[in-house]
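> Provided herewith is a single structure, encoded as structure tokens, for subsequent inquiry.
The values are calculated or read from the model by the stated rules, or taken from the named source; none is laboratory data. This is a predicted model, so every value here is computed, not measured. Protein only, heavy atoms only, side chains kept; ligands, DNA and RNA dropped before computing areas. Shrake-Rupley method; radii C 1.70, N 1.55, O 1.52, S 1.80 Å.
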Amino acid sequence: RVAVEGEAAAEATINTIELDALVAVVTSAKEPYSCLGLPTGTPQAVCRKRYLALARRLHPDKTMHPLGAQAFAALESAFRSLHSA
């Protein structure tokens with residue numbers, strides 16, 4: 001499918017808004033499960049899957065968001081604390 005220039009710009013804007021929201025949630029989370037956007041007590045396999053998906057999205061090599069590295073570090077820390085528990 002060939003995107004019309006306006007559609008591509010709109011999609012990029014939506015992706016930026018989603019990324020801003022994701023970074024805000026991850027960096028402001030007070031506990032590991034909420035950092036991953038999951039309810040407390042979620043099975044470890046589900047946490048791992050969610051972590052990998054978010055890590056791909058927030059990795060400093062993949063995102064140019066100004067707080068992307070900080071969000072990635074918070075995500076990594078949250079997953080490590082859940083993984084070691």
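> Please work out how much length the chain gains when fully extended from Ala21 to Lys49, using 0.36 nm per residue of separation minus the C-alpha to C-alpha distance, in nm with one decimal.
On the way: separation 28, 0.36 × 28 = 10.08 nm, distance 1.98 nm.
Separation in residues times 0.36 nm, less the Cα-Cα distance, equals 8.1 nm.
> How do Arg50, Arg80 stack up against each other in accessible area, from largest to smallest, with a 1.4 angstrom probe?
Values: Arg50 90, Arg80 140 Å².
Reading off the accessible areas and sorting them downward yields Arg80, Arg50.
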